[in-house]
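The values are calculated or read from the model by the stated rules, or taken from the named source; none is laboratory data. Given the structure is predicted, the values throughout are model-derived calculations rather than measurements. We place every Cβ from the backbone using ideal geometry, glycine too, and count neighbours over all the protein chains shown.
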Amino acid sequence: MAAVSAGDISGGVLASSVTLWRPGRLYFGPAGIPTTVKRGRLLEGIAEVKRLGLDAMEIEFVRKIFLGEREAEEAKKLASQLGVRLTVHAPYYINLNSSEEEKVEASIARVLESARVGFKAGAWSVCFHAGYYGDSDPARVHSAIKERIASIARTLRDEGVEIWIRPETTGKPSQYGSLEELLELSSELEMVMPVVDFAHLHARGGGAFKRYEDFAAVLELVEKHLGREGLENMHIHVSGIEYSDKGEVRHLNLAEADLDYKLLVKALREFNVKGVLISESPNLEGDAMLLRDLFYAPSPRRSKRKTSRGE
């Protein structure tokens, strides 16, 4: 595929000329329809999220984009009525660094269609795994993926599709998507912000998060690259995770894994993070409620962080 210039889509998140929703607090929900829904589809899932006391849900297009225009409009209406914030996960079959032009074009089309349908459903954010390094130099991969995401952003902006484009931190060293890469990308392109998947980062680093300071370092890096805006506009994924020396193996429930979610929640609270947190644990809504309850539990004393942390 020929390179596409970033052109007037460059400039980073703070220079965005598109009006995009900014969250006023941290919302919690499951990745997909809650497991407590035994029969039903998206609308039933949104209603169940509300019944459970949650306020977010990710629409999972991971196998295919299944949502038609009518159902998307119904989802938008219901989610708005219930105060449920929606996000979208694009199909897994995306590689913006493929050596085959047809696969790159198909990958771009999947992100674009996910964003268009998600926008019709009222989704705030579309996330995706951007690609693989293959045998290429990581710097060249970053440049290629940047150009292709710039093309996606420009197309959506021109179409009036107002949705955050969010490449996700990935769980294997063979995949493009380190935190540093995605923060650099987000600082360079409008309408682009990362999905910070703490389970993936934990697995990518071979069990990287062992102390509070490890979680805090992630949030400090977000703030360093994107300013306070980066911490007040976060799309987060959390789950337990099994990993090997090659990175991610499979998602686990938080209680079954070594990711210290209590320290993670402490860091989110200390940094006054705002956005949407999606549970990708197998029990979906169970861990979403666990994290919600921890985050919003009464605290015996306020954080001592300065105004730079949003107080």
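Summary table below
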read-out	value
Residues located in segment 142-174, provided they are outside any helix (DSSP H, G or I) and of a type in the set (A, V, I, L, M, F, W, C)	V161, I163, W164, I165
Pairs, first at positive phi and touching a residue at least 12 places away in the same chain (Cβ under 8 Å) in segment 241-261, second buried (at least 19 other Cβ atoms within 10 Å of the Cβ) and part of a helix (DSSP H, G or I), C-beta under 6 Å, six or more apart	G247/A203; G247/R204
Answer from R39, R85 - the residue that is over 17 Å from G122 (Cβ atoms) and either at pLDDT 95 or above or of a type in the set (K, R) (or both)	R39
Candidates A47, A79, filtered to the one that is over 27 Å from G177 (Cα atoms), among the small types (G, A, S), touching a strand residue (DSSP E or B) at 6+ places or on another chain (Cβ under 6 Å) and surrounded by 14 or more Cβ atoms within 10 Å (Cβ to Cβ)	A79
Enumeration of residues in segment 87-105 that are more than 14 Å from the chain's Cα centre (by Cα) and among the aromatic types (F, W, Y)	Y93
Some residue of segment 52-75 being β-branched (V, I, T), within 19 Å of the chain's Cα centre (by Cα), more than 17 Å from S279 (Cβ to Cβ) and assigned to a loop (DSSP other than H, G, I, E, B)	yes
I94 vs. criteria out of contact with any Cys (no Cβ under 9 Å at 6 or more places or on another chain), in a helix (DSSP H, G or I), crowded, with 20+ Cβ neighbours inside 10 Å and of a type outside the set (F, W, Y)	no
Selected residue [surrounded by 22 or more Cβ atoms within 10 Å (Cβ to Cβ) and either over 18 Å from the mean Cα position of the chain (by Cα) or closer than 25 Å to R22 by Cβ (or both)] from L201, L226, L221	L201
Segment 108-118, residues that are in contact with a helix residue (DSSP H, G or I) (Cβ under 8 Å, 6 or more places away or on another chain) and either over 12 Å from V88 (Cα atoms) or aromatic (F, W, Y) (or both)	I108
Count - residues of segment 145-172 that are of a type in the set (G, A, S) and surrounded by fewer than 20 Cβ atoms within 10 Å (Cβ to Cβ)	1
Counted residues, segment 118-163 - those being touching a Lys or Arg at 6+ places or on another chain (Cβ under 6 Å) and under 19 Å from K64 (Cα atoms)	4
